[in-house]
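Here is the structure we will look at.
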Amino acid sequence: MLLDCLDKCKTMNERVNASLKLEQFLPYRFNQLAERISCSLSTIYSSEFGISISEWRILAMLGQQPTMISTDISQRTKMDKAKVSRAVQRLEKLGYLLREKDIQDHRVSHLSLTDSGVELYNAIVPKALEWEGNFVGTLSAQEYRDLHNLLNKLDQQIKHCYQK
């Protein structure tokens, strides 16, 4: 297992022959943590605001960049196109999102938040930030910065090694 190998192995690649304990396998741990985070946040988004995680991600993207197309949202959030399409339809039906056809390419729609969508976004952001603050509250400021740096490093590594 990796934790036992850390002191013996000079690099992580030397651990190839180490045994696997699922509870210590980093991808498994990331997945478990992500699932618990999503479950906790989805409870807030659903019970307090009546939207799903997917719908929140779209609101959050449009809160940062006022106009986007579905394809860009799909790429940036890593959600599949069908999930984005369903969430966009629901947000539009609820009056939070405006869809306007592109003048030159009628297959493309530009998405933006309505005034109600902006109000919803502005209501959720403090709750999301409060949740994040409680979640990382046991970390020091340096540990928080280190965590972001490590996540960035791992993100770059996976892009470099495993993306098609």
Residue check, E132 free of Cβ contacts under 8 Å to residues at least 24 places away in the same chain, under 19 Å from R36 (Cα atoms) and charged (D, E, K, R):
yes
Residues located in region 81-108, provided they are in a helix (DSSP H, G or I) and touching a residue at least 12 places away in the same chain (Cβ under 8 Å)
K83, V84, S85, R86, A87, V88, R90, L91
Inside region 32-55, the number of residues satisfying the requirement of being assigned to a helix (DSSP H, G or I), free of Cβ contacts under 8 Å to residues at least 60 places away in the same chain and under 14 Å from the mean Cα position of the chain (by Cα) is 10
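This table checks each residue for (1) closer than 21 Å to E132 by Cα; (2) in a helix (DSSP H, G or I); (3) in contact with a Gly (Cβ under 8 Å, 6 or more places away or on another chain); (4) among the basic types (K, R).
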position	(1), (2), (3), (4)
R29	yes, yes, no, yes
L59	yes, yes, yes, no
T71	no, yes, no, no
M79	no, no, no, no
H110	no, no, no, no
Only one residue in I69, I58 is in contact (Cβ under 8 Å) with a residue 40 or more places away in the chain, in contact with a helix residue (DSSP H, G or I) (Cβ under 6 Å, 6 or more places away or on another chain) and closer than 30 Å to D155 by Cα. Which one?
I58
For T43, only one of the following conditions fails: (1) loosely packed, with under 14 Cβ neighbours inside 10 Å; (2) under 14 Å from L98 (Cα atoms). What is its number?
(2)
Residues in region 114-153 that are assigned to a helix (DSSP H, G or I) and either modelled with pLDDT under 95 or in contact with a strand residue (DSSP E or B) (Cβ under 6 Å, 6 or more places away or on another chain) (or both): how many?
1
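The values are calculated or read from the model by the stated rules, or taken from the named source; none is laboratory data. All values derive from a computational prediction rather than experimental measurement. So basically every Cβ, Gly included, is an ideal-geometry build from the backbone, and we count neighbours across all protein chains shown.
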